[in-house]
Amino acid sequence: MLAATDKVLVTNLKGQQYRALPTQRLLHGHTVNVPRGQRFSVAVLSTGNRRVFNGPARLKVIADTVRLITGPAPKVFSLAPAELDLIDHWIAVYARPRGVVSKDKLQESEITLQALYPVDGSLLLTRNPEFLFKGDLPREGNLMLFDAKGKRFWVEPLEGEYLTLPPAARFEWGQSFTWEVRRLTGGRVVSGSFHIASEETARALLQARVPDTPNALPESRLFYGMRLQLAGAYQEATEVWDSLNIQLTPQGQLAPLPASPRS
């Protein structure tokens, strides 16, 4: 699935219903209900095209395509070779997507400090890494960075949840780092790694940006998010997922974005 408004529902072979979300896969026998005023877009890989259904419509997945049971005929568009390659790459990397994992349920009592960004193993599109932590900061702690050879690169006192590094810490394109937060008295609290993209890669990904505007197709935003995610640029990809009202982990685990509480 490439795009769906929030009232489009999928019914599986067990009769279970769930919201249609981008990157979900439809299987033989699944049905899709598109209410009046709703929109649903799906890639049919067997024909290499994209079909857009406007409700009210009811669809059923048969063999390698989506059959229209009731409703107006879909609008059909050809997918570009680059888009088909992107979908193939996505399916290969996230071959068996699973439900979203709640970190709160995994050793919750043992998690005292988390790094919200940079996400562990992520690709950065800037030479100015920023850190954001959540949890209990050590009373006297340091952020320590090490280069690809394990040599200490920089040490910065950790005085708050948000941290930027001074210009004297000269980061270059293409460098890789590991980092640790350590107590002054010794002991590692949390650690991670990141890689700074080459200048060419950063420029290409940033120039390909699809703006979050009313005129931008959600399918185009999705393809841009997929490209960022596959490159490992998780921070920028998250901004795209947020605009599409979904959450997607670096492992490809999908969930709808929680609704904002009403004031």
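Just a few scattered comments:
- Residue count, the stretch 170-198 (criterion: over 24 Å from the mean Cα position of the chain (by Cα) and loosely packed, with under 15 Cβ neighbours inside 10 Å): 8
- Residues that are surrounded by 16 or more Cβ atoms within 10 Å (Cβ to Cβ) and either at pLDDT below 95 or of a type in the set (A, V, I, L, M) (or both) within the stretch 199-210 comprise ALA202, LEU205, VAL210, listed in sequence order.
- All of (1) within 30 Å of PHE40 (Cβ to Cβ); (2) outside any helix (DSSP H, G or I); (3) not hydroxyl-bearing (Ser, Thr, Tyr) hold for LEU222 with one exception: (2).
- Output for the stretch 211-243, where each listed residue is among the hydrophobic types (A, V, I, L, M, F, W, C) and open to solvent by less than 30 Å² (accessible area, probe 1.4 Å): ALA216, LEU222, PHE223, MET226, LEU228, ALA233, ALA237, VAL240, TRP241
- When residues of the stretch 241-263 are limited to those that are assigned to a helix (DSSP H, G or I) and without any contact (Cβ under 8 Å) to a residue 24 or more places away in the chain, the one nearest to the chain's Cα centre (by Cα): TRP241
- Enumeration of residues in the stretch 33-79 that are open to solvent by 70 Å² or more (accessible area, probe 1.4 Å), touching a strand residue (DSSP E or B) at 6+ places or on another chain (Cβ under 7 Å), within 26 Å of GLY15 (Cβ to Cβ) and among the aliphatic types (A, V, I, L, M): ILE69
- Residues located in the stretch 6-49, provided they are in contact with a Pro (Cβ under 9 Å, 6 or more places away or on another chain) and more than 18 Å from ILE69 (Cα to Cα): ASP6, LYS7, ARG19, LEU21, PRO22, THR23, GLN24, ARG25, GLY48
The values are calculated or read from the model by the stated rules, or taken from the named source; none is laboratory data. This structure is a prediction, so every number in the text was calculated from the model and none was measured. Virtual Cβ from ideal backbone geometry, glycine too; neighbours counted across all protein chains shown. Side chains are part of the model used for accessible areas, which takes the heavy atoms of the whole protein and leaves out ligands, DNA and RNA. Shrake-Rupley method; radii C 1.70, N 1.55, O 1.52, S 1.80 Å.
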